[in-house]
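Taken together, the values in this text are just the output of simple stated rules run on the coordinates, not laboratory data. Predicted model, so just to flag it, every value in this text is computed and none were measured. Ideal geometry is used to build each Cβ from the backbone, glycine not excepted, and the neighbour counts take in all protein chains shown.
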């Protein structure tokens, strides 16, 4: 595989580019801090949302969508937030808060417009559902949020991959490099998980989300206290790709760490049922 | 004549007139109108089963996601039979018969190709869903006396599959790869 002339220099440029990523909206940042608390409060979310007019409008729009099938209009944010739930608030806040990032076409990965968000949403739904199979408690709301954000580094790395995706795929097929994660590190001197971690720090995200993003392809390297949720999102990412919701040429070219079973108790029948439930939920919320 | 069934939230929509018909996860469709295209996107562990009826030129496709419908507690096998190997193939064959593909199901009249069934890089047996889908599909086909005449299965790649009615070859594409034929 051809390696960039100076991966160290490329890595430096990529990590500098993190500083140019649009800041997370104030509301989205505060919502993520609340999700990280031990008992996320609907009242606290409502207080943040009511001071953000565009976010209020988007949440009311969701609450009044045909999906909820209400006979009377929801006109108050106090009614809307409990109705749509915490995951949906996070989804709307992140999509409207950093839409430039999620809507980006990942050309370096040969991705098409909209694919990035769909992959993240699919991984988020999967991670939320996998959380209920944790051997110890895993917060489904943080798992969902981690699923939405886990690949955020690709928004930057994509531009630096240029046109080498085809060569990476060929190199993996020939066994020259074992997976896409390793290929990114060899080519660019840094991988999308590490770049995503730097974005998470730039956004001042809670430590747990920073760790999910950083270790979602290498969960065994995560600090012990974060391993259950990191493995949870690791599986959510893999399940999204297995269902055909990837981000382009790298889809399915990442290893599943089988040590997930130390943290997630999942039988084969439960896995199949989970895939079915993820599909049904995705059809409901992907509008 | 053209007919494709796409099931969305318990409704069955019959769409006609569009020359490119997208078969989503768990959907199935068939056509005997030359020039129409059946297409399904991004098969990961899912498998596309493409069945051709020789004397009428009808081609059907089903996008199978899981091997066995018995795991569903929500009646998915009835609302979306294409989702499972054990209900998807019989449903597609029944649909093709309703379009005039009459006579006994046999190799002399029906030919089958399959694509998809990819795997993740893993040693975990329970995550080898692609392989299990292929195994279940071959078993169901065998119960009809059929077996795939061509297969592009396994590996770690996401496949998009399409076929134009009237042609024999299936197009397979994947990001960052050249198109190939099956």
*Tilt of helix A:115-131 relative to the longest C-alpha principal axis of chain A, in degrees (0 to 90, nearest 10)?*
70
_I'd like the distance between the alpha-carbon centres of region B:56-74 and region A:212-236, rounded to an integer number of Å._
34
*Largest-first ellipsoid semi-axes for region A:1-126, taking √(5λ) over the Cα gyration tensor eigenvalues, angstrom*: 35, 17, 12
*Along Cα→Cβ, 7 Å out, is where each label goes; now give me the distance between the ones at residue B:94 and residue A:258 in nm to one decimal.*
4.0
_Rg followed by Dmax, in Å, when chain B is reduced to its Cα trace_ = 15.2, 47
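Express in nm, to one decimal, how much length is gained between residue A:137 and residue A:178 on full extension, taking 0.36 nm for each residue of separation and deducting their alpha carbon distance.
Working it through step by step, the gained length comes to 11.4 nm.
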*Which value in nm describes the separation of the simple spin-label points at residue A:159 and residue B:135, placed 7 Å from the Cα toward the beta carbon?*
4.7
*asked:* Test of understanding: extend the Cα→C-beta vector of residue B:180 to 7 Å, then name every residue of region B:137-156 with backbone N under 15 Å from that spot.
replied: B:150-156
*Over the alpha-carbon set of region A:130-287, work out the extent along each principal axis and list the three values in angstrom, largest first.*
40, 35, 34
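Please tell me the relative contact order of chain B in percent, rounded to the nearest whole number, where contacts are Cα pairs under 8 Å and at least six residues apart.
23
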*Using only the Cα atoms of region A:25-97, what do you get for the radius of gyration and for Dmax, in Å?*
11.5, 35
*asked:* Nearest 500 deg cm²/dmol is fine: what mean residue ellipticity at 222 nm does chain A get from its DSSP H runs of n ≥ 4 alone, each adding -39,500 (n - 2.57), divided by its residue count?
replied: -18000 deg cm²/dmol
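Rounded to the nearest 0.05, what FRET efficiency do residue B:79 and residue B:102 give with R0 = 22 Å and r taken as the Cβ-Cβ distance? Could you check? Walk me through the numbers on the way to the answer.
Working: r = 27 Å, r/R0 = 1.24.
According to the calculation, E is roughly 0.20.
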*Nearest 0.05, what FRET efficiency do residue B:34 and residue A:53 give at R0 = 60 Å with Cβ-Cβ as r?*
0.65
_FRET efficiency for residue A:225 and residue A:71, using Cβ-Cβ distance with R0 set to 56 Å, rounded to 0.05_ = 0.75
*Residues in region A:93-107, backbone N under 15 Å from the label point at residue A:167 (7 Å along the Cα-to-beta-carbon vector): list them, ranges by number please.*
none
*Report, in whole Å, the centroid distance computed from the Cα atoms of region B:112-182 and region A:111-185.*
23
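Just to be sure I understand: of the beta bridges DSSP finds with both ends in chain B, what percent are antiparallel, rounded to 5?
80
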*Hydrodynamic radius of the protein assembly as shown per Kirkwood, over alpha carbon pairs, in Å*: 23.2
*residue A:26 versus residue A:61: modelled label distance in nm, points set 7 Å from Cα along the beta carbon direction*: 2.2
*Work out, step by step, the length gained on full extension between residue A:78 and residue A:284: first 0.36 nm times the residue separation, then minus their alpha carbon distance; give nm to one decimal.*
71.9 nm
*Working from Cα positions, state the angle (0 to 90°, nearest 10) between the long axis of helix A:53-63 and the longest principal axis of chain A.*
80
*asked:* I need A:34, B:137, B:50 ordered by Cβ neighbour count within 10 Å, fewest first.
replied: A:34, B:50, B:137
_Taking the beta-carbon count within 10 Å as an exposure proxy, list B:49, A:164 from fewest neighbours to most._
A:164, B:49
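Counting other C-beta atoms within 10 Å, which of A:247, A:145, B:173 has the fewest, and how do the rest follow?
Taking fewest neighbouring Cβ atoms as first place, the list is B:173, A:247, A:145.
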*Grab the Cα-Cα distance for residue B:68 and residue B:143, subtract it from 0.36 nm times how many residues apart they are, and report the gain in nm with one decimal.*
25.5 nm
*Using the Kirkwood formula over every pair of different C-alpha atoms, what hydrodynamic radius in Å results for region A:126-198?*
14.0
